[in-house]
1. In whole percent, and with a 1.4 Å probe on the protein chains, what portion of the accessible area of segment 104-182 is carbon and sulfur?
2. If r is the Cβ-Cβ distance from Gln184 to Ser204 and R0 is 30 Å, what FRET efficiency results, to the nearest 0.05?
3. 222 nm [θ] for the chain, helices only, -39500 (n - 2.57) per DSSP H run of 4+, per residue, to 500?
4. Filter Lys91/Lys156; Lys99/Lys223; Lys147/Lys196 down to the pairs with a C-alpha to C-alpha distance above 29 Å, please.
5. On average, how much accessible surface per residue is there in the chain, in Å², for a 1.4 Å probe, leaving out ligands, DNA and RNA?
6. Pull out the extension gain between Lys134 and Asn97, defined as 0.36 nm times the separation in residues minus the alpha carbon to alpha carbon distance; nm, one decimal.
7. Given that just one value was derived from the coordinates, which of (1) 50, 48, 41; (2) 70, 39, 35; (3) 54, 48, 37 is Cα extents along the principal axes in Å?
8. Calculate the FRET efficiency for Glu45 and Thr219 from the Cβ-Cβ distance with a Förster distance of 35 Å, rounded to the nearest 0.05.
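The values are calculated or read from the model by the stated rules, or taken from the named source; none is laboratory data. Remember, it's a predicted structure, so these values are computed and weren't measured experimentally. Cβ sites come from the backbone with ideal geometry, for glycine too, and all protein chains shown count toward neighbours. For accessibility, only protein heavy atoms count, side chains too; no ligands or nucleic acids. Shrake-Rupley method; radii C 1.70, N 1.55, O 1.52, S 1.80 Å.
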Amino acid sequence: MRAIILTVILFSTTMFCQDSKDSDMDIDTTSNYFLFDYIKNLHAEDYYSLLDSVKKGKSNDFFTLRMAFTKLESYSYYSLDFKDERNEIIKSLNAGNHKAAEKTALGILDSQFIYMPVHLFLGYIYRETGDSIKSQFHYKVYDELAKSMLTYSDGKSFEYAIIVVSTKEEYHFMDWLGAHRLEQQLISHDGYSFDKMLINHESSKDSLELYFNISIPFTELTKQFDKESE
């Protein structure tokens, strides 16, 4: 399925997956830069409200959920970085200790719900422990978080680059696709910051360039440097 999605990205024109009825935005068809005005007007309350709706199965607006996450006081350039916790979960799973793995995963979930790998872990944990409802929920959230990166983007150009809230999301998205990074280049264009990736899929020899707009985390990093230099 994800190989098909990569093929769609490779050969399709720009995909706007978001149904226009779900948004009151004035959509600019020449680029997705208009989204930054929308994101600028989001608040932490939007995140918590949407999170509650997502958990209750009443909303699938994972794009706005991800963007509103950046309005939390706890948000930083280093958000979605759980290397130690991820290794601890893997260690627990390898030891067959699902309860310990679940505890670590739920700790991540409480603080940063949009961290994609934790939903993959929890989907697996609950499948193995026989809780199919929770397993299906987390597998679905994992997929929806990834798909939300294509809501207003196809990643084929600067103008339609995939907007991420952390550089970690770039790799989570590629993992979801089953793709591998071959090359990476940091580029400034039109006043925004981008990562230009050359990637290919594990089941194909075809490669493509994939553009990520990393302006949000890079702006946050600049703010942090400015504070430290004061």
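1. 51 percent
2. 0.95
3. -15500 deg cm²/dmol
4. Working: Lys91/Lys156 37 Å; Lys99/Lys223 39 Å; Lys147/Lys196 19 Å.
Correct reply: Lys91/Lys156; Lys99/Lys223.
5. That works out to 53 Å² per residue.
6. 11.5 nm
7. (1)
8. 0.95
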